[in-house]
Each structure stands twice: as structure tokens, then as C-alpha cells.
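What follows draws every value from the coordinates through simple rules; no lab data is involved. Model, not experiment: these values are computed from the prediction. All Cβ positions, even for glycine, are placed from backbone atoms using ideal geometry, and neighbour counts span all protein chains on display.
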Amino acid sequence: MKKRAKIYWLFLLPSLLGVLLFYAVPFLFSLYYALIDNMGSQRFVGLQNFIDTLSNSLFQSAALNTCIFVGVSVPIGMAVSLFLSLCLQGMKRGRPLATMLLLPLVVPSGTIVYFWKVLLDSNGLLQKWLLQAGVPHEWLAQNSWVMGVLVVVFLWKNVSYNIVLFWSGLNWIPQTYYEQMALEGAGKWRQFTNVTWVYLSPTTFVVLLMSIVNSFKVFKEVYMLYGAYPSPDIYMLQHYMNNQFLSLNMQKLSSAAYILFLVIGMALLVVFYAQKRVTDAYQ
Amino acid sequence: MRNRRVIPIASIVLSAAVSVFPIVFIFANSFMGSGEIISRYASEILESNAGDFASHGIHFVRFGLLPQKPTLDQYKELLLDSPGYLRMFWNSVLLVVPVLLGQCVLAPLAAYGLENIRWKYKESIFFMYIIVMLMPTQILLVPNFIVAGWLNIRESYLAIILPSLFHPLGVFLIRQQLKNFPKECMEAAALDGAGPWKSYWYIVRPNLHSVVAALAVLLFADNWNIVDQAVVFIKNIYGNPLSVYLGSVVTGDPGMFFAVSVFYLIPALLVFLLGQDYLTEGIALSSLKS
């Protein structure tokens, strides 16, 4: 029996070696790059690269823009997808509509970029309507709503991902729980707070975690709409990192990656801890 | 009672329409001639669009779904006279297929192995997988970039394919599914003398079809839409997958955009229609137990 268990390592090994070689080991190694002055002399400089990165004004504004985007798009995306999943749950013949709702999941960001341009660009349909409605051109031309455009374009594609997760979470809740509540004379709202909300909370945490990772994918939309050099209003950490790749600056790159890693790691810890508190509270 | 049903149904119908409308727009516009596309959507005031609404020297779009003169010219040009686009489409295929095949073989094996290994710290291996899975692409690109330098493959597609092959999402999804797999089946098989390989092939693997199909849809959706990695690793413009180059088509060759888009969308739509049932089925239990 003992020998048998060892064979299972062989099944895991290819994948484990891949994850170690392509992700874990080089990431640990990049800490070394973050602590030296340059690739030539390789002198140890302590935390200097981290201080430089954190005090770099470009990095600061990129970080701020990323925070704004994540802070706005994650809660809206979760609320919308939870609402739509709940609506779907109550529908008996909702299958074709659900298919339509999930469709954006597979649509490559680039293929519909022209639609967004026609709708939202400075000569687009929305501006045309606003102008015709009498909104002054100077006000429209200020261009300060480009972040809003991104949120819309991003949510169009990414809400469907959350719906898949929420929907499967909802399907997992046994129907008898609802019947039980209905027998006790509970209304829709109490069924929601006492059954749905409780049994959906693990799913909700998964959706929150995935939403945070996925919100970084907005780079695709920005790149499609505005190219590699967007306006400072939407210059995000993704662009900052990309520029360091192009200039091959391993010191700035590694220190920025570690800062981002620590921030996201802490956010994950908070979410994991909250999840534990919530599940403990219900048990 | 009636009112209560109206709001959910209306929201779903409205959202479904919003989800599908951009795709319908792209399809419908792909039957316009390139002259019509330019005269409708250009921001310059041209001879052909002088009648449209304009203000401050800007021509505003004349939005439309129905072509004035439906034509297949764009498709003809794309298929017969545009080696550049076809090559970039092929580049996308080259980037997606190895990842898809590799993940669908490696991930179930790894999840099965991990589930059955007896080692005190095996959950820490899984924890490492989860952490990698929850990191944004930009962080993961740093180790990918370093390894690509070590292996001297920075100029090759392997720099993108190899890391994606080992991305932990597959192992995560399948392991969650395996946790619900009845242990009795495995024990019965072991009593009958089936070794780990035999029980994998005849008992576990056939039960993983829907989660592997769901994984394939998710991986396809992600890799067919690859942008970030390509921007970092691919220097030659014609080496790009079409997912990246479409952004330049809007300004560089607007007349062709819609046909190229539809051409690129079709494989994604097919994969989705074939796999959508598995998407909800396969992930069903997995999202709950992490």
C-alpha cells in the first residue's frame, strides 16, 4: 500500500515541475533582481529599488488608476451578476436567454472594439445624441469619462464569467430548503436571506477572488481601444509593467511585481479571513 | 404576483439583448462595402458623408445595421487576397491548440495524483497552485520572462505556450471535482487488483468529461483572446495573433475590420455552443469547496 501511494507522485510530477519551473522558482529568483543595482555589477542595494518604485510618480498614478478601476468595476460587476443569476434562477424557460447572457465570455476583446468606438468615441453615437440634445461640445470634449467607458466595456465581457460561477452555486442549493421555508410561510425576501445568501456565501467569496484577478484583464480592452500608450487618465499598473518589459529593466520590473504581489496577497488574506469568519458564524 | 415576475424577466431580456447586440452589429456590418464603412464611421467629413450630422469639424457616426448594398467583397478579399490576416489567424491557432491539448491531458493527471498522494504537506502544494492562479497576468509575466531568458526562447511562441500549459486553473477545477468522487469506487477497484493507472483510465477519467470540457472552453476563451503575453514577447508584427492585431485594423484598415472580426469570432462561437452545457455542469460543485 505504501509503495502504491508513491506512484501517485508520478501523476503530479509533470505539472508540479512546470509550475515550479515557470512560476514559483523564477518568481523567487526575481527577488534577487529586485535587491541589486543593475544586471552588470549586481551590487546589493537593499530596498532601494522598492523605494524608487514607490516614489516614482508614474507608478503612483498607475497604481491609483488601477485602484479606482478595481474599486469600481469589481463591486458593480458582482452586484449585476448576482442580480442576473437570481433572476435566471427563477425562470423556467430561461435557457436560450442564459446562452445569450454567457456569450460575451468567449468573444475576443478585439473583435468588437469597433462597436465600442462607434458607440463611445469622440465622434460616436452617444456624443452625437448628447450634442443633439443640447449638451455643449466643450463639456463633452473634456474626455474625463474615459475611465467610465472602460468600466462599461470591461463589464460587458466579464459579468458573464461571474454569472457562470454564481449560477452553479445557486444550482447546488437543494430545492428542499426553499420548500421547507415556504412551508413555514416565509416570503421571498426571507427565503433569500435565510437560504440563498447563506449557502451562496462560499461562491460569493470565489467570485470576489476571481473578480479581482480578472479586473486586471482590462488591459486587453485598453490596448484594443487606445493602443500601447493610453491617456494618463487610464494609464494603469499593467502599462507601467509592460514598459519595464520593453526597456528590459529587471530591477524596476521585479520590485513592481513584488509590491503588487504583496498588496494582492494581503487582499487575498483579508478575503480568506472574512470567508472563515462568515462560514464559522453559520455553523 | 404578476408584477413580481415582470422585473426579473425584463432584466434578463434586456441584459441578453445588451450581450448579443454588439455581436449582431459586427455581423451585420461585415456585409457592407469598405466605402460605406468609411463614410459611415470616419471622423473626417468626406465627400461621401457630407450629408450626415457634423459639428466642430467632426463627422459623427451614422449608426446602422442594414447595409445599403449588401456585399461579400470583404470576405472575398479576406479569404483570397489577405495573406497577412490569414497568417495571424494561424498564429492564434498555433498559440491555442498546444495549450488546450496539453492542459486537458496534464491537469486531470496532476489533480488525480495530488488527490491520492499521502504526504503531510500536500495541501501546501495545492495552496501554491491557488496563489499562482489568483495572481494577475502582469505579475506572472515576470517569472515567465525570466525563464524564457534562461531557456533562450524569448523570441519563440514557446515563451507563451509553455507557461500557459502549466497554469494552475485546470488542476484547481478538476481537483475540486475529484473531492466529490466516491472513495468506495476507488477502493472497490483496488480490491479487484486495479493499479493507480488502471483506476485512473477506467474509473476516474470517464467521469471527468464535463469538467475537462468546461476547462477547455475557459482556456479557449482566454487564449484565443491573448493580448498581454503577446505584447511582451512578440516583436515581429506578423508574428502576432489576430487577437492583438485587430486593435490596429480599426485605424489601419477599417473597411476590412468587420469581416476579419467575424472570421475570428466564428471558432470562438462554435466552441461556446458546443461546450456551454458543460460550463455550468462542470464547474457546478467546484466553486463551492475552495
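Between the C-alpha center of segment B:162-241 and that of segment A:1-57 there is a gap of 24 Å.
Give me a single rounded figure for A:27-36: the average over its residues of other chain Cβ atoms within 10 Å of their Cβ. List each step's numbers first, then the result.
Details: counts 9, 1, 5, 5, 0, 0, 2, 1, 0, 0.
Across A:27-36, the average partner-chain Cβ count within 10 Å equals 2.
Restricting segment B:1-79 to GluC sites (Glu not before Pro) that sit in a DSSP loop and have at most 10 other Cβ atoms within 10 Å of their own Cβ leaves B:GLU47. Applying the Karplus relation 6.51 cos²θ - 1.76 cosθ + 1.60 with θ = phi - 60° to segment B:128-140 yields 3J(HN,Hα) values of 4, 4, 5, 4, 4, 5, 8, 8, x, 3, 4, 6, 5 Hz, where x marks Gly and Pro.
Taking a temperature of 4 °C and a viscosity of 1.567 mPa s, what whole-number D in µm²/s does Stokes-Einstein yield for segment A:55-101 with Rh from Kirkwood over alpha carbon pairs? Present the calculation step by step, with values, prior to reporting the outcome.
On the way: Rh = 13.2 Å.
For the chosen part, D equals 98 µm²/s.
Principal axis analysis of the Cα atoms in segment B:1-94 yields extents of 59, 47, 24 Å, listed in decreasing size. An ellipsoid equivalent to segment B:53-140, defined through the eigenvalues of its Cα gyration tensor, has semi-axes of 50, 22, 12 Å when rounded to whole angstrom and sorted largest first. Based on the Kirkwood approach, the hydrodynamic radius assigned to segment A:151-211 is 12.8 Å, with every pair of different Cα atoms included. Sorting A:251-262, A:105-116 by their mean Cβ neighbour count within 10 Å, with the most densely packed peptide first, gives A:105-116, A:251-262.
Using the Karplus relation 6.51 cos²θ - 1.76 cosθ + 1.60 with θ = phi - 60°, the per-residue 3J(HN,Hα) values for segment B:79-93 come to 7, 9, 9, 9, x, x, 5, 5, 5, 5, 4, 4, 4, 4, 4 Hz, with x marking Gly and Pro.
Can you bin segment B:91-182 into rounded, prolate or oblate? Criterion: square roots of the alpha carbon gyration tensor eigenvalues sorted a ≥ b ≥ c, rounded for a/c under 1.5, prolate for a/b above b/c, oblate for the rest.
Because a/c hits 1.5 or more and a/b exceeds b/c, segment B:91-182 counts as prolate.
Strictly greater than 25 Å: what percent of every Cα pair in segment A:58-282 meets that? When every Cα pair of segment A:58-282 is considered, 53 percent fall beyond 25 Å. As a length-normalised measure over Cα pairs under 8 Å and 6 or more apart, the relative contact order of chain B settles at 26 percent.
Sequence gap at least 6, Cα distance under 8 Å: using those rules, report the relative contact order of segment A:39-190 to the nearest whole percent. If you can, show how the numbers build up before the last one.
Values: 61 pairs, mean separation 54.6, N = 152.
Across segment A:39-190, relative contact order equals 36 percent.
Look at the dipole of the protein assembly as shown built from charges on Cβ: of B:LEU158, A:LEU183, A:SER30, the Cα furthest out on the positive end belongs to A:LEU183.
The charge dipole of segment B:2-73, taken about its Cα centre with unit charges on the Cβ atoms of Lys, Arg (+1), Asp and Glu (-1) only, comes to about 700 debye. Per residue of peptide A:212-221, the mean number of Cβ atoms on other chains within 10 Å of the residue Cβ is 4. Classification of segment B:76-288 by its C-alpha gyration tensor yields a prolate form. The axis ratio a/c (a ≥ b ≥ c) is 1.5 or more, and a/b outweighs b/c. Taking the charge dipole of segment A:167-283 about its Cα centre, with +1 at Lys and Arg Cβ atoms and -1 at Asp and Glu Cβ atoms, the residue from A:VAL271, A:SER211, A:LEU248 reaching farthest to the positive side is A:LEU248.
How high is the FRET efficiency from A:ALA79 to A:VAL45, r the C-beta distance, R0 56 Å, rounded to 0.05? Don't skip to the answer; put the middle values down first.
Details: r = 45 Å, r/R0 = 0.81.
E between A:ALA79 and A:VAL45, to the nearest 0.05, is 0.80.
Across all Cα pairs in segment A:166-283, the calculated P(r) in 5 Å bins from zero up to the longest distance comes to 2, 9, 14, 14, 13, 11, 9, 9, 8, 6, 4, 2, 1, 0 percent per bin. Annotation: amide H of A:ILE36 within the under-5 Å range of A:VAL45, sequence separation 5 or more or interchain, hydrogens built in the peptide plane. The calculated P(r) of segment A:122-161, using every Cα pair and 10 Å bins from 0, goes 26, 45, 23, 7 in percent.
At a threshold of 8 angstrom on Cα-Cα distance, excluding pairs fewer than six apart, so keeping six or more, what relative contact order does segment B:4-114 reach in percent? Could you put the intermediate results ahead of the total?
Working: 66 pairs, mean separation 24.7, N = 111.
Reported relative contact order: 22 percent.
If we count every other residue with Cβ under 10 angstrom of B:GLY33's Cβ, Lys/Arg +1 and Asp/Glu -1, where does the sum land? Taking every other residue near B:GLY33 into account, the sum is -1.
Considering all C-alpha pairs of the protein assembly as shown, those separated by over 33 Å amount to 48%. Using the average count of surrounding beta-carbon atoms within 10 Å as a protection proxy, the listed peptides B:209-221, A:88-100, A:268-280, A:221-233 rank, highest first, as B:209-221, A:221-233, A:88-100, A:268-280. Taken one residue at a time, the phi angles of segment A:47-60 give Karplus couplings (6.51, -1.76, 1.60, θ = phi - 60°) of 8, 3, 4, 5, 5, 4, 5, 5, 9, 6, 5, 5, 4, 4 Hz. Gly and Pro are set to x. Between B:SER55 and B:PHE60, the built amide H atoms are under 5 Å apart, and every one of these is 5 or more places off in sequence or on another chain.
Over the Cα atoms of segment A:16-80, what is the Rg over Rh ratio if Rh follows Kirkwood? Rg/Rh for segment A:16-80 comes to 1.16. Extension gain, B:SER156-B:SER248: 0.36 nm per intervening residue step, less the Cα-Cα distance, totals 30.9 nm. Per-residue shielding of A:235-246, expressed as the average number of other chain Cβ atoms within 10 Å of the residue Cβ, stands at 3.
Seen from a random direction on average, the alpha-carbon convex hull of segment A:5-44 projects onto 3.7 square nanometres. In terms of the mean number of neighbouring beta-carbon atoms within 10 Å, the peptides A:192-204, A:171-183, B:50-62 order highest first as A:192-204, B:50-62, A:171-183. With both labels modelled 7 Å from their Cα along Cα-to-Cβ, the A:ARG93 to A:SER55 distance reads 6.8 nm.
Does segment B:188-263 come out rounded, prolate or oblate by the C-alpha gyration tensor, with a ≥ b ≥ c the root eigenvalues, rounded set by a/c under 1.5 and, if not, prolate when a/b is larger than b/c and oblate if not? It comes out prolate by the Cα gyration axes. If only the Cβ of Lys and Arg carry +1 and only the Cβ of Asp and Glu carry -1, the dipole of the protein assembly as shown around its Cα centre is close to 1740 debye.
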